[in-house]
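Participant: First the structure, which I've put down as structure tokens, then a few questions once you've had a look.
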Amino acid sequence: MRERLVILGAGGHGAELQAYVRDLARRGWPGEFLGFLDDALAPGRNRNLEILGPLDTFLNRAPEFFENLLYLTALGSNSIRKRVVERFEALYGDRVAPWTLIHPLAWTGEEVVIGAGACLAPGATVTSRVRIGRHAILNVKASVSHDCVVGDYVNINPGATVCGKVMIGDGAYIGAGATLIDTVSVGRNTIVGAGAVVINDIPDDVTAVGVPARIVKRHGQLRRCAGLAELSGE
């Protein structure tokens, strides 16, 4: 049986991923895209998206239904993406595997490792000896240079530039057009604002903005998700 794909989350990022999957299909991907799972939307057509139902839609399906069934997340918020993956894995275990999307217009060099569930958007560039973590997002025209380590659930936004030997911790959010110069590190769950230039290490759980980037906020305990009605959010 050929691969079959579902996307978790039917917001704006979901619409983008649907377009990416269709690009892959036009270039020979032999799989089948089934539609979206989203707790916040009723089953049926929503604009140009096919909503299959909430996350638990497949719970009563026969074992053979899960053969070659894959999923990809479409949630820009790192914390929500992580919670949704954890819930999905709790529901289905290893019956549904995370799928890695590399758009045909993305480019990767040698000795690059890309984690399960990651997405490389059109124009994303990853050069050499780079590790990209699980469920990470490299958005349109984001670039990651040699010998970098990008953690799990990281979001590198459009046009961001990550220079060589940079370390980015799990759950970090790199804003659009930001620049991380060579050898710096960005901590876990840290936010780097759009257009910021990081020239020194940034610790965990802070927000840094400006040129050069400076810390403007230290994060307290993360607010718990009020419910998976947020699944459609960005």
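Just so you know, all these numbers are worked out from the coordinates, no wet-lab data involved. Nothing here was measured: the structure is a model prediction, and the numbers come from that model. Note: ideal-geometry Cβ built from the backbone for every residue, glycine included; neighbour counts use all protein chains shown.
Participant: Against the longest alpha carbon principal axis of the chain, how many degrees, from 0 to 90 and to the nearest 10, is the axis of helix 12-26 turned?
Facilitator: Value to nearest ten degrees: 70.
Participant: In segment 77-120, whose amide N lies under 15 Å from the spot 7 Å out along Cα-to-Cβ of Met1? List them in ranges.
Facilitator: What the label zone holds, given the 15 Å backbone N cut-off, is 94-97.
Participant: Rounded to a whole number, what is D in µm²/s for segment 4-98 from Stokes-Einstein with the Kirkwood radius over alpha-carbon pairs (4 °C, 1.567 mPa s)? Could the numbers behind the result be given before it?
Facilitator: Details: Rh = 13.6 Å.
Translational D for this selection: 95 µm²/s.
Participant: Figure the gain on full extension for Glu50 and Lys165 (residue separation times 0.36 nm, minus the Cα-Cα span) and round it to one decimal in nm.
Facilitator: Between Glu50 and Lys165, full extension yields 37.3 nm more.
Participant: Sort Arg188, Arg2 so the one with the fewest other Cβ atoms within 10 Å of its own Cβ comes first. Write out the running numbers ahead of the final one.
Facilitator: Details: Arg188 16, Arg2 9.
Placing the least packed residue first, the sequence is Arg2, Arg188.
Participant: Using 0.36 nm per residue of separation minus the Cα-Cα distance, give me the extension gain between Ala116 and Arg61 in nm, one decimal.
Facilitator: Length gained, Ala116 through Arg61: 17.4 nm.
Participant: Cross-link partners among lysines for Lys82, C-alpha distance below 23 Å, same-chain residues fewer than 8 apart left out?
Facilitator: Those lysines meeting the cut-off are Lys217.
Participant: Nearest 10 degrees, 0 to 90: what angle lies between the long axis of helix 78-92 and the longest principal axis of the chain (Cα atoms)?
Facilitator: Between helix and principal axis, roughly 30 degrees.
Participant: Using all C-alpha to C-alpha distances in the chain, build P(r) with 10 Å bins and read off the rounded percent in each one.
Facilitator: Bins of 10 Å from zero give 8, 33, 34, 19, 5, 0 percent of pairs.
Participant: To continue, here is another question. Compute the FRET efficiency between Leu34 and Ala194 as 1/(1 + (r/R0)^6), taking r as their Cβ-Cβ distance and R0 = 30 Å, and round to the nearest 0.05.
Facilitator: 0.30
Participant: In segment 1-103, which GluC sites (Glu not before Pro) fall in coil by DSSP and have 16 or fewer other Cβ atoms within 10 Å?
Facilitator: Answer by residue number: Glu3, Glu67.
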